[in-house]
1. Grab the other residues whose beta carbon is less than 13 angstrom from that of residue A:559, score K and R as +1, D and E as -1, and report the net.
2. Please name whichever of A:667, A:800, A:869 sits farthest to the positive end of the charge dipole of the protein assembly as shown, dipole taken about the Cα centre and charges placed at Cβ: Lys and Arg +1, Asp and Glu -1.
3. Determine, for the range A:852-964, the count of lysine pairs separated by eight or more sequence positions (or lying on different chains) whose alpha-carbon distance falls under 26 Å.
4. What does the net charge come to around residue A:962 if you take all other residues with beta carbon closer than 13 Å to its beta carbon, with K and R at +1 and D and E at -1?
5. Under 12 Å from the Cβ of residue A:169, count the other residues' Cβ atoms, weight Lys and Arg +1, Asp and Glu -1, and hand me the total.
6. Find, among the GluC sites (Glu not before Pro) in the range A:861-967, those assigned to loop by DSSP (not H, G, I, E, B) with at most 16 other beta-carbon atoms within 10 angstrom.
7. Once you have the Cα-Cα distance between residue A:157 and residue A:748, take 0.36 nm times their residue separation minus that, and quote the gain in nm to one decimal.
8. At a Förster radius of 41 Å, what calculated FRET efficiency corresponds to the Cβ-Cβ distance of residue A:981 and residue A:150, to the nearest 0.05?
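Just so it is clear, none of the values below were taken in a lab; they were calculated from the coordinates. Keep in mind the model is a prediction, meaning the values are calculated, not measured. A quick note on method: Cβ atoms are made from the backbone with ideal geometry, for glycine too, and the neighbour counts reach across all protein chains shown.
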Amino acid sequence: MSAQISVAQAAQPFRNPTGGIIDRSRPIRFTFDGKGLGGYAGDSLASALLANGVRIVGRSFKYHRPRGIFGAGTEEPNALVQLGSGARTLPNSKATEIELYEGLSATSQNCWPSPAFDLGAAASFFAPLLPAGFYYKTFKWPPAFWEKLYEPLIRRAAGLGRAPTEPDPDRYEHRSGHCDVLVVGAGAAGLSAAAAAAEEGARVILIDEGASPGGLLLARRGKVGDETVSDWLARMVARLDAFSDLRRLVRTTAIGYYDHNQLALLEKVADHRAPQPGEPRQRLWHVWARRVVLATGAHERSLIFDNNDRPGVMLASAARLYANRYAVRPGSTAVLFTNNDSAYEAARDLAAAGSRVAAVIDCRESVPAALPTDIERLGIEPIAGWSVASVMGKHSVRAVEIRPNESKGRSTLRREIACDLLCVSGGWSPALHLHAQTGARAVFDPSIGAFVPGAPRQGERLVGAAAGNFDLKQTLAEAEAAGREAAREAKHGAAQRTVPASRSSQAGSSTNGALRSPHLQGRGKRFIDLQEDVTDKDVALAVREGYRSVEHVKRYTTLGMGTDQGKTGNTLGFVEVARALGHDPATGGTTTFRPPYVPVTLGALAGMHGGRHFLPIRRTPMHDWHVRAGAEMVQSGSWLRPQAYRRRGERLEDAAWREASAVRRSVGIVDVSTLGKLELFGSGAAEFLQRIYTNGFTSLPVGRVRYGLMLREDGMVFDDGTVSRLGEHHYFITTTTAQAALVRQRLEHCRQVLWPDLDVELVAVADQWAAIAVAGPASREVLERAVDIDVKDSALPFMACALGRISGVSVRLFRISFSGDLAYEIYVPARRGAEVWQHLLDIGAPQEITPYGLDALNALRIEKGHVTHAEINGRTTAEDLGLGRMLKQKGDFIGKRSLHRQGLTRKDRWQLVGLASADGRTPIPSGAKLIARTGEAMPVPILGEVTSTTMSPTLERPIALALLADGRSRIGETVIASSPLFGLEVPVSVTSPVFFDPEGKRLRG
Amino acid sequence: VAREPALQTQTISLRREMPARILHLARPNLGPPLDEVLASFQAAELPVPGRSSTMVARSILGIGHGRWWLIEDEAPGEEPSQGHLSRPTSSLSFGIAIDIGDAWDRFRLSGESALDLLAKGSRLDLDPRVFANGACALSSFAELRTLLHRSSDGAHFDLYCGRSYAQTLEEWLGEAAAEFGWEAPIDKGGAPANAAAQ
């Protein structure tokens, strides 16, 4: 092991021999751009790269400029890498957020052949031609080039990283959580708030995006009260873990804050290791909290000066974190450029970590006296009233040029300071993203040059840096109070205060608000948004071109539209817009904060709803029989249904033809368990049905069945089905398979909301009954032997129902027909369904009873002109479908009032008709449009469309149902069924939609 | 990437079963006929919505305002009545009642990870202080319409789902439970596992 450690150390020239919160006993090997490197457990990929001296990690999005590591967490705009390979590869992963693990493999993005030498950098030669919104102004001519040249080129150039092309092999899942108090962020404020809330007896969930708690404390060397940071953290964690009602989630980020205090959390369960069996890689939590404490910290801002994107330019807080947490020197010689106090602490820590700190350039004219004195003792030169004008060096920082502020570029007074690390601190922006996602406003605070949280809209409060408080002592006190208040409110329902926490004196954060160097010489680019390559010139151009709102500037320039969502640059952009317009940043405000706070994998969003769980599948009670019988199962809505029972060597269409013919010739049996079924009880049931259906039900006698039609409120047909009166106040309703759930919802709504005065009880029983249709001229013959009651026409006429027993099982028997032939529907308690099905098959063997599937069912109903949701498509009225006789004149029903609207009574409405192939052979293409004649000039007038098509087993020719303008008066005409998709134009004769037994003798027989 | 040691212990138990009968009761008429029904369930009164009353192999669940499920785990010895054709509903003198026992399958979940497993599919707050022993709720689970019942002693949860969805839910539960050491296919019992024990 010691040999391994020494090897790892030797390969990490920027790693200090001691210090940091890393496990030096666990060396880790990983690769970056194919090169083997070493790190330690506890490292991030970014810290390990820095330890190994890797400074260029990729190229920028637009100009292909070399970029290095800029931040240390979610705010990172530059260090995006392609993680892993094959099906598990993940593009745009922030190196600063990736925990180092054994075997990690990452590659740089947006460069070829390497980040150091990238041919794509040629784009920078055309930079003057590529200002913000260039694609709106160029590539317009010649038009022919747009589709074949410009668009492919732009699409190829756009985007970062490569999405995997193989299916994701990992598991993801969702999970819900509930608590009294959710604390987001486990830094000093979050830990204190969580502990206080738990002490009040609240159920607490504490989350943090890191693997270990501490937040910004992990970047500090100082003390918390009288304790070292590590001792304080250890004590707090032990304190928290003692509460049985407190759940700590690590590697978990709150990505969205929604109504009713619901938050979405992304937990990276096994991104840093292989998942255990059954364990998901990531878990998306939906948490409902009575109160929320946001201790989300703050993001340090950048500053605007020439070439402020060069590798080696880094946030001061990030450099400090790398030094203190990871024992890494991010540079050998550092210069700091700041507009606030916090960079002085970074300078001290970098010096302590072994970097030579040449100077702290403070653009403020007046600096608290203690700060320069303090660093001078460490040999660091304090330079106040000066600013960085430019960074020298292309692939790395070689030196910085600084100038005194008052010269404003006119003076020749300048200095160059050699360095390889420039730490910048443009002040701190509270991470108020979640707060703002609730709809709460952000308010500009000039004392810290940032937007701070306004009045909360939900049961939440912000503490610590998230509230704009940067004083640790005060933060701890306020966080504890916030935790206690939140717990008490959650438990006792006290009112949420509606004003944000007061902000402290901003110790450590006082700034002059200046975010740009006064010495902008125009020689180099000055970036506001590093990830999107948005410069101050882009923002100025947008304003010159008339964009005033920050929302519009954002969309024109792409400011803040990268995967980092502008965490380090947005405030700079808002201030620049305000400056260009000559108003206060408070006037312009911020862009809208939207979820997610960080990028989320599609897998996490999908959870388990992928693969076989993409859609819940329903199976009928006879499902296993169908499968055993070799049925071709097909998904119909959420049901698995037999399409046809294909025999060996038989084509699917031949099987359907054989099955349908068997029904017409003798008898068939089909599983119709998928129909919706409802039981309706009560003295008000008949009146309820009167209002629901277009036709009347008060006269329906017990033991009889009636076909019913429901309309939507707008007069269009909603659904059809049967209603059977089983008792004085007891009805049995069937609906179509497609609309079963919606019909149930509607009827419950009517019962509970519209007509609560009616004495009605509704019970959904779709799964209670297996439903079997036995159809064909020999069906009675089969039923007579199967059932213990008289099924002759005299005893059980068409549209009658009765109770009986089949094979000892009580069944409901209905003399109804969807096939148009003599038929019965038998409803059997579901657990006995397969048994009765088999019995019917056995008893029907002499008649060669034939099981038939969906295709045959469809062919039979098309022959009979029965409609399904191919025709009840939401745009057809009862009159359109030839069902106008079912609209009762007396009494009201849903949709009646809409029927007289002008649009629903026009003569040229599309009406249901039949179509027969003119030559008797050519199939009529499904979905084809109906036109008057071939060869018409564009645009061709569309007369209608084919809705259902089949080969008629009775007529032995292709037939179809269609909706045709003024169709009923066109019967006898010939039109063209045109299907450009298949390149087909089939002449068809317009007929009655009823091809089979128009007098109804067969079904009444 | 090194794989960490697998969970050695199974912390979840799953079983699929169909209760012998579920009687959906609505709008009960107060009086001796209802008292008789309640007596057969050894219950003094119908529970309020969201609560249940449980005795040996029998439960009454208040599934909503004016609606209850009367569940019998043991076969009553006769085939349930399948309708009331030509018989006035008023003859059901204790109220509107209909057997829906064939419509629902039941999954019984127990073990220390039962709550964690349920949290993967349910949005309900199942903390015992909120969803106490004997609580029940009609709610979605894994995007399915379900009824969840916590047993009176808190030892297990019964998750009822529509029979047509049962196979789908079985597959879902098996996959979700793998994290808790569940590997075997879910047992499909006729009678509930602990009916006799109760």
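1. My count for the surroundings of residue A:559 gives -3.
2. With unit charges placed on the Cβ atoms, the residue in question is A:869.
3. Lysine pairs meeting both conditions in the range A:852-964 amount to 8.
4. -2
5. Result for the neighbourhood of residue A:169: 0.
6. A:936, A:956
7. 207.3 nm
8. For R0 = 41 Å, the calculated efficiency reads 0.90.
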